[in-house]
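Report on one structure; see the data block that follows.
The values are calculated or read from the model by the stated rules, or taken from the named source; none is laboratory data. Worth saying up front: this structure is predicted, and the values here are computed from it rather than measured. Here the Cβ is made from the backbone with ideal geometry for all residues, glycine too, and neighbour counts use every protein chain on show.
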Amino acid sequence: MKFVVIALFALACVALANDASLTVSSIDFTSPTTGPVQFVRKHNEEMPDFPPENFDIATLVTIGKTVWEIIKEGKPVVNYKNDWAGAIPKGAAWTDVVGFKDYRWGPFGWSFTDMLGMETVRFTWNFMWSCKGSYEGHGAFIMNAGASIKEIYAAWGFTVDVNIAVDSHPINYGTKVDPVAGLAVEVTLDVRTVLQAFTERCRVSLRGDCTAAKISC
């Protein structure tokens, strides 16, 4: 009987430890203390041509994608060549929008800690976009807007998915003659265990003049 009691006690301790390791006790968020910085892309990407139609430099449209996955079940799935968004004048030919500079802002990130004080989830990223593209010397437009994965970690028992959503209606922060495009870009993190589920969001504004601002993080 003594050995049975000891065995049951040991099983109970293991069960409690498993519950504690799968239970999130805190979530920390980090964001950069400095503004966006210019960088040089490693690969030159060919961009599609958008034929002119009803051109209006003051009317901005979103091109590319508005929703895509970057992490699925803890693994990167983003395709940086295809997964991006932009804001250019309605009807503008892509080849007529020139002078882009590549900028990034970060790192941003979330860190989850369990009841044992162990880190269970860590995801960090940079916002990235091409800015200061102009049409015949006017405006400041956007291409290649999205998020670049810096680090992803998920402990056993934790499922992590990350998606990006981009506003389909760009904002003009400039004038009718010299528009400054702005895109709201939101990163959504979903974390699940058998015991809990969490959703965290960070939404920022990326702008054609190479500035950026946090909306809600």
- prompt: Within the group W105, W84, W94, W129, which residue is touching a Leu at 6+ places or on another chain (Cβ under 7 Å), in contact (Cβ under 8 Å) with a residue 12 or more places away in the chain and not β-branched (V, I, T)?
  reply: W129
- request: Give the stretch 147-180 a look and list any residue that's farther than 14 Å from F127 by Cα and among the polar types (S, T, N, Q), or say none.
  value: T159, S168, N172, T175
- request: Restricting attention to the stretch 63-95, report how many residues are at pLDDT below 95 and polar (S, T, N, Q).
  value: 1
query: Of the residues T193, T199, T113, which single one is in contact with a Ser or Thr (Cβ under 8 Å, 6 or more places away or on another chain), buried (at least 17 other Cβ atoms within 10 Å of the Cβ), hydroxyl-bearing (S, T, Y) and at pLDDT 95 or above?
result: T193
task: Output yes when any residue across the stretch 176-196 is free of Cβ contacts under 8 Å to residues at least 24 places away in the same chain and farther than 21 Å from V37 by Cα, and no when none is.
output: no
- prompt: Restricting to the stretch 187-210, what's the tally of residues that are within 20 Å of G109 (Cβ to Cβ) and assigned to a strand (DSSP E or B)?
  reply: 16
- prompt: What are the residues in the stretch 136-148 that are surrounded by fewer than 20 Cβ atoms within 10 Å (Cβ to Cβ), over 21 Å from the mean Cα position of the chain (by Cα) and touching a residue at least 24 places away in the same chain (Cβ under 8 Å), if any?
  reply: E136, H138
task: Tell me which residues, restricted to the stretch 151-173, are surrounded by 18 or more Cβ atoms within 10 Å (Cβ to Cβ), within 18 Å of S205 (Cβ to Cβ) and either of a type in the set (A, V, I, L, M) or free of Cβ contacts under 8 Å to residues at least 40 places away in the same chain (or both).
output: I164, V166
- prompt: If G99 satisfies every condition in (1) on the phi < 0 side of the Ramachandran plot; (2) free of Cβ contacts under 8 Å to residues at least 40 places away in the same chain but one, which is the exception?
  reply: (1)
query: Looking at (1) crowded, with 20+ Cβ neighbours inside 10 Å; (2) under 21 Å from G35 (Cβ atoms); (3) touching a Phe, Trp or Tyr at 6+ places or on another chain (Cβ under 8 Å), which is the only condition P107 fails?
result: (1)
- prompt: Has the stretch 116-124 got at least one residue that is under 19 Å from V185 (Cα atoms) and either in a strand (DSSP E or B) or touching a Pro at 6+ places or on another chain (Cβ under 7 Å) (or both)?
  reply: yes
Identity of the residue in the stretch 96-110, at pLDDT 95 or above and not in a strand (DSSP E or B), that ends up nearest to Y80 (Cα to Cα): F100
Hits in the stretch 138-186 - residues which are outside any strand (DSSP E or B) and touching a helix residue (DSSP H, G or I) at 6+ places or on another chain (Cβ under 9 Å): A155, W156, G157
message: If a residue must be over 25 Å from T175 (Cβ atoms) and of a type in the set (G, A, S), how many such residues does the stretch 65-105 contain?
response: 1
